[in-house]
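First comes the structure, then the notes that go with it.
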Amino acid sequence: QVQLVESGGGLVQPGGSLRLSCAASGSIFAILNMGWYRQAPGKQREMVATITNGGSTNYADSVKGRFTISRDFPKNTVYLQMNSLKPEDTAVYYCAAALPSNYYWGQGTQVTVSS
């Protein structure tokens with residue numbers, strides 16, 4: 001099993017920045033890739049960004065050029081740097097880890113972009 005703990009959410013004004021962190025523990029050796037997803041009120045959960053063990057990244061079109069996902073292997077932590085935030089980025093952000101036999105989720109962290 002893998003445990004994921006997110007941090008770094010909060011309230012920020014449009015145009016501002018936040019950095020989310022996700023610390024992984026447990027069977028981290030089995031993790032294939034990690035990612036960030038988000039869910040806004042009344043909407044389905046959507047992929048924001050993913051990163052493989054080899055460092056390949058993938059982003060949703062809506063965040064390309066504004067968000068950056070990175071991974072610190074010694075610290076077992078994945079980050080999401082979010083710049084030029086917009087009100088439509090408001091959502092609960094979830095960290096996820098993909099293993100060969102299962103998918104694990106963190107508890108989520110709220111990001112609110114508002115003036």
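The values are calculated or read from the model by the stated rules, or taken from the named source; none is laboratory data. Because the structure is a prediction, the values reported are computed rather than measured. So basically every Cβ, Gly included, is an ideal-geometry build from the backbone, and we count neighbours across all protein chains shown. Heavy atoms of the whole protein, side chains included, go into the accessibility calculation; ligands, DNA and RNA do not. Shrake-Rupley method; radii C 1.70, N 1.55, O 1.52, S 1.80 Å.
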With every protein chain in place, region 1-63: carbon and sulfur % of accessible area (1.4 Å): 49
Karplus-derived HN-Hα couplings along region 44-54 (A = 6.51, B = -1.76, C = 1.60, θ = phi - 60°), whole Hz, x at Gly and Pro: 7, 5, 10, 6, 9, 7, 9, 9, 8, 4, x
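Can you pull out the trypsin sites (Lys or Arg not before Pro) in region 1-92 that DSSP calls coil and that have at most 12 other Cβ atoms within 10 Å?
K43, K64, K75
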Computed log₁₀ I(q)/I(0) - Debye formula, equal Cα scatterers, no solvent, the chain, q 0.14, 0.17, 0.18, 0.20 Å⁻¹: -0.51, -0.75, -0.84, -1.03
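Fully extended, how many nm does the chain gain between V5 and S70 (0.36 nm per residue separation, minus their Cα-Cα distance)? Provide the component values of the computation, followed by the final result.
Working: separation 65, 0.36 × 65 = 23.40 nm, distance 1.59 nm.
Taking V5 through S70 to full extension adds about 21.8 nm, to one decimal.
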Set of lysines near K43 by C-alpha distance (under 25 Å), chain-local residues within fewer than 8 positions excluded: K64, K86
Solvent-accessible area per residue for region 1-86 (1.4 angstrom probe, square angstrom): 53
Computed lengthening from Q39 to T112, 0.36 nm per intervening residue step minus Cα-Cα distance: 25.1 nm
Per-residue ³J(HN,Hα) for region 80-85, Karplus 6.51 cos²θ - 1.76 cosθ + 1.60, θ = phi - 60°, Hz, x for Gly and Pro: 10, 8, 10, 10, 6, 5
